[in-house]
Amino acid sequence: MKTWSKELIARTRLELEKMLFYTDDSGKLHWLIGNSDLETGAHFKNIDGKRFGIMTAEDACEGRYIISLKDTKEMEIFETVDALIEAGWVLD
């Protein structure tokens, strides 16, 4: 069974649990993580190698772990960081 490295899982957990963000002049939240897009959010990838998604800073800041899939725009919603990681999602 394929798994992510312990380091990548730990980084994902740390970034989601200890979010560092700032608010721009318009009041929009922005994530201060390596692979984030100021307009859309942080990029995630799934262990299946087929799904990629985005999580907004606003959702994560509110404890809503919602990944919007890049290709279909469907949403996957998780109650906890653990549930998100267990479903195979990590920061891209």
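Things worth noting here:
- Positions within the range 63-77 being within 16 Å of residue 45 (Cβ to Cβ) and assigned to a loop (DSSP other than H, G, I, E, B), in sequence order: 70, 71, 72, 74
- Residues satisfying the stated conditions in the range 38-62, i.e. in a loop (DSSP other than H, G, I, E, B) and under 14 Å from residue 16 (Cα atoms): 56, 62
- Considering the range 1-23, the residues that are loosely packed, with under 14 Cβ neighbours inside 10 Å, within 19 Å of residue 63 (Cβ to Cβ) and charged (D, E, K, R) include one that is modelled with the highest pLDDT, namely 17.
- If you filter the range 41-62 down to residues that are hydrophobic (A, V, I, L, M, F, W, C) and under 17 Å from residue 79 (Cα atoms), you find that the one that is surrounded by the fewest Cβ atoms within 10 Å (Cβ to Cβ) is 61.
The values are calculated or read from the model by the stated rules, or taken from the named source; none is laboratory data. As the structure is a prediction and not an experimental result, all values here were calculated from the model. A quick note on method: Cβ atoms are made from the backbone with ideal geometry, for glycine too, and the neighbour counts reach across all protein chains shown.
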